[in-house]
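**Student:** The structure follows.
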Amino acid sequence: MSFFLERSELRDIYQKVVAGERISDADALRLFQSKDLNAVGAIADFARQRKCGNNASYIINRYINYSNYCILSCQFCAFARKKRDADGFQYSIEEIAEMARQALHLGITELHIVGGLHPSLPFSYYTGMLRALKTVDSRLQLKCFTAIEILHLAWLAKKSVRETLTELRDAGLDSLTGGGAEIFRPEVRSAIAKGKESAEEYLDVHRTWHKLGGRSTCTMLFGHVESLADRVDHLRQLRALQDETHGFSGFVPLPYQPENNQIPVKTAPTGFDSLRTIAVSRIYLDNFDHITAYWVGLGLKLAQVALSYGADDLHGTIIEEKIFHMAGAASPQLQTETAMIKAIREAGRVPVQRNTFYEPIRTIADPEPGKPEPPTSRSKVLDDNLATA
Ligand code: SF4
């Protein structure tokens, strides 16, 4: 045990983690309350290293928002618009397919697609979109829709959640996204996202998808009006569902963005809070393989540091992120593969390009000393990537 952990107030939690014991909710709260960020980070780094070794991953993907029209008005949301708003938008299936075609040249292996709860698009629009995208390239992995979109589509189609998911899967859906979890405690939920699905509904959509053989990610929006105990409660419910289904491929903590919304919290979480939340997530979620540092919310610099605080993944190139940026995120709208590889290497990890399910596609070898990074042949990368995806 390192000298500073031996003297740390968190020594007993570190010993549990080393012994492979699960930490309790009270332990997680102590970790959140500790001011000894380095000790919390060191415990998380130990847990990460044991699970993921020296690799850190990223994905080459493109985000597409098919529409920002939404029948809800979640208080924290800066993305949604009503039909009367001048800056509302919706894309046709052909426009979305064209965006996918163009992104193929960048070497993407995944399309990540979400939108608002559209007031009038029929269910056939969503199945048609999935089929059209698989026609663009059948090997593209389609990670689409939040749990609340699935409930909305089920309501539209007048089908059960199970039937809805089955039809979407048959049309080409590969993975659900993790969005919409926010914070599960009902009091917080109604303060930031009144009218949204309950925690039970969110978890039940993912449970149903997992039982159909699907995988998904999950999230937690932190740093607004919730308490630290609320975060532990949220993680507890995710850990319990993962025990039941083992269907979550990764966890993505999302730092709250404060602009253009109705929540009376006008600062984003600090770097300290963000690193601490990522670290506690890694330690507490002992049944999750992957914890993502979401650079869109953190900035790439802090996401890079998070690789030493429990995270093993930097998420993706993204290309056109709208939801966080409309809420004030200061990060760029895309990240280059080169920047992510550099960030990972500098943090002492081996960069690994992954697919939607966090499975490795290729390990990026170090450039020869004194020589620049070899240029990437996009078409070859795409062939290689999609052949193994
Ligand atoms: S968070 Fe989602 S459901 Fe809520 S208003 Fe925004 S787009 Fe609609």
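The values are calculated or read from the model by the stated rules, or taken from the named source; none is laboratory data. Just so it is clear, the model here is predicted, and its values are computed rather than measured. Positions of Cβ are backbone-derived with ideal geometry, glycine not excepted, and every protein chain shown enters the neighbour counts. Protein only, heavy atoms only, side chains kept; ligands, DNA and RNA dropped before computing areas. Shrake-Rupley method; radii C 1.70, N 1.55, O 1.52, S 1.80 Å.
**Student:** Report the Cα-based extents of the chain along its three principal axes, largest first, to the nearest Å.
**Tutor:** Extents along the principal axes, in whole Å: 61, 55, 38.
**Student:** Measuring from centroid to centroid over Cα atoms, what is the spacing of region 42-88 and region 295-343 in Å?
**Tutor:** 11
**Student:** Share of the chain's accessible area from carbon and sulfur, percent, 1.4 Å?
**Tutor:** In the chain, the share of accessible area belonging to carbon and sulfur is 53 percent.
**Student:** From the phi of every residue in region 290-295, what ³J(HN,Hα) in whole Hz does the Karplus formula 6.51 cos²θ - 1.76 cosθ + 1.60 yield, where θ is phi - 60° and glycine or proline is x?
**Tutor:** Using θ = phi - 60°, the values come out as 10, 10, 9, 8, 7, 5 Hz.
**Student:** Still on this structure: What trypsin sites (Lys or Arg not before Pro) in region 229-294 are in a loop by DSSP, with at most 10 other Cβ atoms within 10 Å of the Cβ?
**Tutor:** Here the trypsin sites (Lys or Arg not before Pro) that fit, given the DSSP loop and packing criteria, are 266.
**Student:** Could you please state, rounded to a whole Å, how far the C-alpha centre of region 209-277 is from the C-alpha centre of region 116-138?
**Tutor:** What the calculation gives is 27 Å, centre to centre.
**Student:** On to the next question. Would you mind calculating the gained length between residue 211 and residue 120 on full extension (0.36 nm times residue separation, minus the Cα-Cα distance), in nm to one decimal?
**Tutor:** Full extension from residue 211 to residue 120 adds 29.8 nm.
**Student:** Give me the three principal axis extents of region 129-237 from the C-alpha atoms, as integers in angstrom, largest value leading.
**Tutor:** So the three principal-axis extents are 46, 28, 22 Å.
**Student:** Still on this structure, please answer the following. Show me the GluC sites (Glu not before Pro) within region 7-99 that DSSP assigns to loop and that have at most 13 other Cβ atoms within 10 Å of their Cβ.
**Tutor:** Counting only loop positions with at most 13 other Cβ atoms within 10 Å, the GluC sites (Glu not before Pro) in region 7-99 are 9, 21.
**Student:** Which whole-percent values make up P(r) of region 254-335 when all C-alpha to C-alpha distances are grouped in 5 Å steps starting at zero?
**Tutor:** Reading the bins upward from 0: 3, 16, 25, 22, 19, 11, 4, 0.
**Student:** Something else: Suppose the chain between residue 267 and residue 95 were pulled fully straight at 0.36 nm per residue; how much longer would it get relative to their current alpha carbon spacing?
**Tutor:** Once the chain is fully extended between residue 267 and residue 95, it gains 58.3 nm.
**Student:** Give the relative contact order (percent, whole number) for region 264-309; include only Cα pairs under 8 Å separated by 6+ residues.
**Tutor:** The value is 40 percent.
**Student:** Now for a separate question. From the cross-link list 211/301; 82/266; 83/196, which pairs have alpha carbons spaced over 27 Å apart?
**Tutor:** 211/301
**Student:** Show me the helices of the chain, taken as full DSSP H stretches, that run 30 Å or more along their long axis by Cα and average -0.5 or above in Kyte-Doolittle hydropathy.
**Tutor:** TM-like helix candidates: nothing returned.
**Student:** Pull out the extension gain between residue 371 and residue 24, defined as 0.36 nm times the separation in residues minus the alpha carbon to alpha carbon distance; nm, one decimal.
**Tutor:** Between residue 371 and residue 24, full extension yields 120.0 nm more.
**Student:** Provide 322, 158, 35 ordered by accessible surface of protein heavy atoms (probe 1.4 Å), highest first.
**Tutor:** These residues rank, largest area first, as 158, 35, 322.
**Student:** Tell me which cysteines of the chain come out unpaired when the rule is another cysteine's Cβ under 4.7 Å.
**Tutor:** 52, 70, 144, 218
**Student:** From the residues 106, 147, 168, which one has its Cα farthest along the dipole of region 104-178 in the positive direction, the dipole being from +1 and -1 charges on Cβ of Lys/Arg and Asp/Glu about the Cα centre?
**Tutor:** 168
**Student:** Let me check against my output: what whole-number percent is the relative contact order of the chain, with C-alpha pairs under 8 Å and at least 6 apart?
**Tutor:** 22 percent.
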